[in-house]
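For reference, the structure discussed in these notes is given below.
The values are calculated or read from the model by the stated rules, or taken from the named source; none is laboratory data. Given the structure is predicted, the values throughout are model-derived calculations rather than measurements. Virtual Cβ from ideal backbone geometry, glycine too; neighbours counted across all protein chains shown. For the accessible areas, the whole protein counts, side chains as well, though only heavy atoms, and no ligand, DNA or RNA atoms are used. Shrake-Rupley method; radii C 1.70, N 1.55, O 1.52, S 1.80 Å.
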Amino acid sequence: MSTTPNARGTQSDDPDAAPWWRRAVVYQVYLRSFADANGDGTGDIAGLRSRLPYLADLGVDAIWLNPWYASPLRDGGYDVADFREIDPRFGSTAEAVELIAECHDHGIRVIVDIVPNHTSSEHEWFHAAVIAGPGSAERSRYHFLPGRGPGGSEPPTDWPSVFGGPAWTRLNDHPDDGEWYLHLFDPSQPDLNWDHPGVHAEFHDILRFWLDRGVDGFRVDVAHGLVKHPTYADLDDRPPHVQAATVHDHPFWDRDGLHDIYRSWRSVLDEYDDRMMVAEATIHASRYPLYLRPDEFHQAFDFDLLRAEWSAKDVGEIVHRAVATAASVGSNPTWVLSNHDVMRHATRFGLPHGVDLATWSVTGPHDLLDAGLGRRRARAAALVALALPGSTYLYQGDELALPEVWDLPPEVLDDPVWTRSGHTEKGRDGCRVPMPWSADGPSLGFGDGPPWLPQPASFAELSVESQTADPDSTLELYRRAIALRRELLVDDEQVAELDLGADVLAFERGAGLRSVTNMGASPIAMPTGELLLSSDPALAATAVELPPDVTVWVR
Ligand code: NOJ
């Protein structure tokens, strides 16, 4: 680790200081929806640059940018046509380099998304593969197979796409050819063949391309998916997703062959100072340590909190497990409450346990939602996530307690999940609605024109402008919490779980700071000590009871 202060963001002089990512507050920027400088309705790099003072003021240590590469945007940019070009809707590679330097000037590190499982069907490799035909070297970079059944008219395996329907598409435009190609996601996202040495070499080069331009880290998309079964075994009765069970020898998720890839990536990163990579791996918790070995990922997203019910027992177990897992391999835990793929937690926490979050926006009943309760719990959960040791990933708009816009009309939906699920799931657009910066204007300060997804009227009072300087607002709560975390909580990684009752999530950190959350239905005794922060603005410093759905930090 470099120990000299440098132009790469905040850097400690202390040779014993932990690497920056172990304690970072990382702010996820969904660029398309963050700030639109040119008024075309899509967020862009120039818009983000204009808002860097906001992020610096919020106190975040790093940003993570969703893919900004040239892309048809069939899957929000996770369909990459050129990994070395910025999509012109977002800006240019030169602007990206300027942005990275400006972030560093503000003391903010930059993590970019890298998407190694698939390319866009508009990538030059895929174009070449389609043209070159069966058996060609060009096709061997992807997974092309003949079909099964009469005339090869059925997919080669029973593998489903994550977005619904089969994971194979036949080249309909080429009837003489008839091969099928694999896409674990949308048909516009053909899976790369990681048995091909050229694929390895290409990604090493892409990593270096962005490292040379100053990025501090990579968020690795679908890190658990790159390696496929060598003879394409059927799924049969194995679960299509592996997070629910410890599954070995799954034909496309979490295969042991992945780890050699990440070891080689790690050696590329280690040629540079102070860089990191974080895995997006939707796997069973017991498998995380494999990805976090000292010569692989620096950290991995832990998604259990993002799926957790509002229950002290469940959240307590997740915290215990995540801290122990990370410690067992010398990594650090990560905490995520929301991201661009899930229902925003200010809404999720306002729905009763057991509601199917994927289909609820279509099926309802919609009167199950208690939006006020959701927001109250979201504020309480934020203080938990910011008090825990490790890195905390915030999704843009978390700090405003933005709700899921679950009632977007079908005609504006853009997520392929909507069509591929046969209109049974609206997909992820409801958490991707552009940020409200001001209380009025054509897109509430997002840009000068209508945004690519419409904002609900309720976003006006949740805007940055509306919440700034209001001491009771969620934005000011985040600002205070991040500042206190920086002051009191980053010097060590110790956490002691406290038993204050079955409905209470409580733990103590090194500086004597205790975080106490009442997750039950009745008030509990107020914890003793100096009240540093409360998620409930109405809670008096002299209160004798801690109401339900509130977190306090006391010392
Ligand atoms: C995970 C990303 O977070 C999601 O948005 C994307 O659709 C899939 N990977 C496929 O790239």
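Calculated on C-alpha atoms, the gyration radius of region 431-505 divided by its Kirkwood radius gives an Rg/Rh of 1.18. Each principal axis of the Cα atoms in region 61-163 has its own extent, and those three values, largest first, are 62, 26, 21 angstrom.
Find the percent of Cα-Cα distances in region 374-527 that exceed 27 Å, and round it to a whole number. When all Cα pairs of region 374-527 are counted, 40 percent exceed 27 Å. Inter-label distance, Ala137 to Asp273: 4.1 nm, where each label sits 7 Å from its Cα along the C-beta direction.
Per residue, the solvent-accessible area of region 124-182 (1.4 Å probe, heavy atoms of protein chains only, all protein chains present) comes to 48 Å². The packing ranking of peptides 393-400, 497-504, 229-236, 424-431, highest mean first, is 393-400, 424-431, 497-504, 229-236, where packing means the average number of other beta carbon atoms within 10 angstrom of each residue. Our Cα-only numbers for region 182-260 put the radius of gyration and Dmax at 14.6, 46 Å. In a DSSP loop and with at most 14 other Cβ atoms within 10 Å, there are no GluC sites (Glu not before Pro) in region 95-138.
Protein heavy-atom accessible surface, 1.4 Å probe, per residue over region 308-413: 32 Å².
Taking the three principal axes of the alpha carbon atoms in region 223-319, the coordinate ranges are 43, 39, 15 Å, sorted in descending order. What do you get for Rg/Rh over region 273-384 if you use C-alpha atoms and the Kirkwood form of Rh? Rg/Rh: 1.03.
Binning the C-alpha pair distances of the chain at 10 Å intervals from 0 yields a P(r) profile of 3, 17, 29, 28, 16, 5, 1, 0 %, listed from the shortest bin outward. Taking every C-alpha pair closer than 8 Å and separated by at least 6 residues, the mean separation divided by the residue count of the chain gives a relative contact order of 13 percent. From the P(r) of region 124-182, can you give the percent of Cα pairs sitting at distances over 18 Å? Value for region 124-182: 31 percent of Cα pairs lie more than 18 Å apart. Within the full protein context, the accessible area of Arg555 is estimated at about 110 Å² for a probe radius of 1.4 Å.
Between amide H atoms placed 1.01 Å from N, distances below 5 Å from Arg344 occur with Glu404, all of them 5 or more places distant or on a separate chain. Sorted from greatest to least, the principal axis extents spanned by the alpha carbons of region 492-554 come out as 31, 24, 16 Å. Expressed as a whole percent, the accessible surface of region 172-225 that belongs to carbon and sulfur atoms is 44, based on a 1.4 Å probe.
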